[in-house]
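Here the structure comes first, spelled out in structure tokens, and everything after it is commentary.
The values are calculated or read from the model by the stated rules, or taken from the named source; none is laboratory data. Every value quoted in this text rests on a predicted model; they were computed, and no experiment measured them. Heavy atoms of the whole protein, side chains included, go into the accessibility calculation; ligands, DNA and RNA do not. Shrake-Rupley method; radii C 1.70, N 1.55, O 1.52, S 1.80 Å.
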Amino acid sequence: MSDLRISEAFLYMDYLCFRALCCKGPPPARPEYDLVCIGLTGSGKTSLLSKLCSESPDSVVSTTGFSIKAVPFQNAILNVKELGGADNIRKYWSRYYQGSQGVIFVLDSASSEDDLETARNELHSALQHPQLCTLPFLILANHQDKPAARSVQEVKKYFELEPLARGKRWILQPCSLDDMEALKDSFSQLISLLEEKDHEAVRM
């Protein structure tokens, strides 16, 4: 091979390297989804979201009105609007539903029968609300590390989820602060449902 051909070959290789390093462009932006997070006071909403955001547990304060957290994942960013769960706040939940693309409902699986009944009524109300009824739902049965925690099967039966959520996109998962991998997996499943809904909207 002549010196000219060798020189051309090296120049072409340099060009390819330059394109690979300098002309790749910025990585594509992660999609963002706006979610609403509801549940009774003490269900653990704030603690779970703070842990996902790698915040110090010492800074966790129960939400009295509402707060918004950007929860980062590898393939999406979830902008989560967390609503306080006290009696005097729950009646205003529906004012904050507009614009939501998905729902997170957190329940204390180790709570008293009375609180569990209240949580059941609130979940039924949310699942049937006109602004939420078509959205993907992630239901987290929290505090699975406590001795009195109900199993997922017990929660599903007590909350009558099979008939209530028929035809909807929903996930019921056990969780606790001690098992972050399971919690992240639950949110990954929710992101998959959100992506499916996005693709359906594009096809329409």
(request) Give me the Kirkwood hydrodynamic radius of the range 66-152, using the inverse of the mean 1/r over all pairs of distinct Cα atoms, in Å to one decimal. (result) 14.3
(request) Give me the accessible area per residue for the range 99-157, probe 1.4 Å, as a whole number in Å². (result) 43
(request) Over the range 93-133, with every protein chain in place, what whole percent of the accessible area is carbon and sulfur at 1.4 Å, could you tell me? (result) 38
(message) Need the C-alpha centroid separation for the range 60-126 versus the range 132-194, integer Å.
(response) 13
(request) For the range 106-204, compute the number of Lys pairs whose alpha carbons are separated by less than 23 Å, excluding pairs fewer than 8 positions apart on the same chain. (result) 9
